[in-house]
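Heads up: the structure comes next, in structure tokens.
The values are calculated or read from the model by the stated rules, or taken from the named source; none is laboratory data. Since the model is a prediction, treat every value here as computed from it, not as a measurement. For neighbour counting, all protein chains shown are included, and Cβ atoms are generated from backbone atoms with ideal geometry for every residue, glycine included.
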Amino acid sequence: METITVRQGEALEEGALRSYLRDKLDGAGLGIAIEQFPDGHSNLTYLLKSGGREYVLRRPPLGPVAPKAHDMVREFHVLRAVHPHFPEAPAAVVLCEDAAVLGVPFFVMERRHGIILREEVPAAIRAIADHPQRISAAVVDTLVRLHAIDIAQEGLRALGKPEGYVERQVRGWADRWQRAQTEDSPEMDRVSRWLADAMPPPAAPVLIHNDYKLDNIMLDSAAPERVEAVLDWEMATVGDPLSDLGLTLCYWVWATVPEARTPGIPALTADPDWYTREQLIERYARRTSRDVSRIGYYEVLGIFKLAVILQQIYARFHRGQTQDERFRTFGGRARRLAQLAARLADRQ
């Protein structure tokens, strides 16, 4: 992943950071070089170079954030619990809960190297025959392996409360929507009611990522069927496996639907050589033996959640809590996703 010079207004206090990490990272006391990863629309992510090694620092976005969102302390503990059982989760190295250092909690994790696919496929991967099919299969198979982890193992079941998971998701995201609203949305209100009324029976709980999409997956540039890392674990929990698959589907091929086209949703999966959404579902069902007949419900839930996330980001911009011009259009994008969710709900 390429880095940039740290954006104006998003700089870290290097002296305080160096002092805090002095005894926690090799060479930190002698100095830390800081660069920024440019992508992402929520948490801020930085490259740290210290003692000849590279690390990644994650901190919450600037300004007020929604309650329980961007919880760096929780994400650190999730990575600590998941990494031994799922090596694609990077190892967490240092947690800082002292707001006196950078003003917010943050953590440092190992850096992984590879390629993340966003708007286009790099030449190194385009040169590999059948790369769309190989990557598509890898995306499904990695999710299958994650869902196959025994949650009775130490530290995993404590990551969530599986009983009533979907009900809490529906209620919680509807509440987030109410707090982030900047205008009325009859479609979101209607989808919220539909999600509550059409809820499927609970499934056996598994470890879920809760934001599993192509641009949260790092691939080996020489062997794209090998997943080097799965990133952004802040929403990971124990819950319904189809909620993970449903959210993945929201980001897959829907990217070419104007209503769903948003920054961070690669359109490249719409090309003919990639798996269709039906192929993703079929491969997942075959490899897990799970009943996927109600997957449409989870797609609507995923789009609803995505609309809320974009609206939360836009609300911060609308209220003057961030000046990032990238967020100016997010209110309209959330509105179009709400319309898409309403249409899909009507078809179920």
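Conditions first: (1) outside the structural domain of MET235 (by TED's automatic domain parsing); (2) without any contact (Cβ under 8 Å) to a residue 60 or more places away in the chain; (3) of a type outside the set (A, V, I, L, M); (4) more than 20 Å from ARG7 (Cβ to Cβ). TYR46 passes all but one, so which condition is the exception?
(4)
Can you tell me which residue within region 232-282, out of those that are at pLDDT 95 or above and among the β-branched types (Val, Ile, Thr), is surrounded by the fewest Cβ atoms within 10 Å (Cβ to Cβ)?
VAL238
One line per residue, one yes/no per condition, for (1) in the same structural domain as VAL139 (by TED's automatic domain parsing); (2) at pLDDT below 95; (3) out of contact with any Gly (no Cβ under 8 Å at 6 or more places or on another chain); (4) surrounded by fewer than 15 Cβ atoms within 10 Å (Cβ to Cβ):
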{"residue": "GLU299", "(1), (2), (3), (4)": "yes, yes, no, no"}
{"residue": "PHE304", "(1), (2), (3), (4)": "yes, no, yes, no"}
{"residue": "GLY320", "(1), (2), (3), (4)": "yes, yes, yes, yes"}
{"residue": "ASP324", "(1), (2), (3), (4)": "yes, yes, yes, no"}
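Would you please name the residue that is surrounded by the fewest Cβ atoms within 10 Å (Cβ to Cβ), looking only at residues in region 198-231 that are in contact with a Gly (Cβ under 8 Å, 6 or more places away or on another chain) and more than 17 Å from GLU120 (Cα to Cα)?
Ranking the qualifying residues of region 198-231, first place goes to PRO202.
Quick check on my filter: what residues within region 135-166 are among the charged types (D, E, K, R) and within 21 Å of the chain's Cα centre (by Cα)? Spell out the reasoning first.
So in region 135-166, the residues among the charged types (D, E, K, R) come out as 141, 145, 150, 154, 157, 161, 163.
Matches in region 135-166: ASP141, ARG145, ARG157, LYS161.
Scan region 84-134 residue by residue and report those that are free of Cβ contacts under 8 Å to residues at least 40 places away in the same chain, under 23 Å from the mean Cα position of the chain (by Cα) and surrounded by fewer than 18 Cβ atoms within 10 Å (Cβ to Cβ).
Passing the criteria: PRO84, PRO87, ALA91, GLU97.
Being small (Gly, Ala, Ser), assigned to a helix (DSSP H, G or I), at pLDDT 95 or above and not assigned by TED's automatic domain parsing to the domain that holds LEU21 is the requirement here; does ALA158 meet it? Walk me through how you get there before you give the answer.
Details: small (Gly, Ala, Ser): yes; assigned to a helix (DSSP H, G or I): yes; at pLDDT 95 or above: no; not assigned by TED's automatic domain parsing to the domain that holds LEU21: yes.
The answer is no for ALA158.
What number of residues within region 205-217 are part of a loop (DSSP other than H, G, I, E, B) and on the phi < 0 side of the Ramachandran plot? Spell out the reasoning first.
Filtering region 205-217 for residues part of a loop (DSSP other than H, G, I, E, B) gives 205, 209-213.
Subsequent filtering for residues that are on the phi < 0 side of the Ramachandran plot retains 205, 209, 211-213.
Of the residues in region 205-217, 5 are part of a loop (DSSP other than H, G, I, E, B) and on the phi < 0 side of the Ramachandran plot.
Go through region 18-43 and report how many residues are assigned to a helix (DSSP H, G or I), among the small types (Gly, Ala, Ser) and modelled with pLDDT under 90.
Of the residues in region 18-43, the ones assigned to a helix (DSSP H, G or I) are 18-21, 28-30.
Those left that are additionally among the small types (Gly, Ala, Ser): 19, 28-29.
Restricting the remaining residues to those that are modelled with pLDDT under 90 gives 28-29.
The total comes to 2.
Based on this model, can you work out whether ILE128 counts as more than 16 Å from ALA203 (Cα to Cα), assigned to a loop (DSSP other than H, G, I, E, B) and of a type in the set (Val, Ile, Thr)? Break it down stepwise before answering.
Working: more than 16 Å from ALA203 (Cα to Cα): yes; assigned to a loop (DSSP other than H, G, I, E, B): yes; of a type in the set (Val, Ile, Thr): yes.
Judged against the criteria, ILE128 is a match.
To keep it simple, each residue is scored yes or no on (1) at pLDDT 95 or above; (2) out of contact with any strand residue (DSSP E or B) (no Cβ under 7 Å at 6 or more places or on another chain); (3) within 22 Å of ASP39 (Cα to Cα); (4) polar (S, T, N, Q).
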site: VAL108; (1), (2), (3), (4): yes, no, yes, no
site: ILE125; (1), (2), (3), (4): no, no, yes, no
site: ALA137; (1), (2), (3), (4): yes, yes, no, no
site: GLU167; (1), (2), (3), (4): yes, yes, no, no
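I'm trying to understand the selection: among the residues of region 161-178, which are of a type in the set (Gly, Ala, Ser) and outside any helix (DSSP H, G or I)? Walk me through it before giving the result.
Restricting attention to region 161-178, the residues satisfying the condition of being of a type in the set (Gly, Ala, Ser) are 164, 172, 174.
Within region 161-178, just GLY164 meets the criteria.
Test each condition in (1) of a type in the set (A, V, I, L, M); (2) closer than 29 Å to ILE281 by Cα; (3) assigned to a helix (DSSP H, G or I) for ALA100 and report the one that comes out false.
All conditions pass for ALA100, except number (2).
Working only within region 1-40, note down all residues that are under 29 Å from GLU120 (Cα atoms), charged (D, E, K, R) and loosely packed, with under 12 Cβ neighbours inside 10 Å.
Within region 1-40, GLU2, ARG7 meet the criteria.
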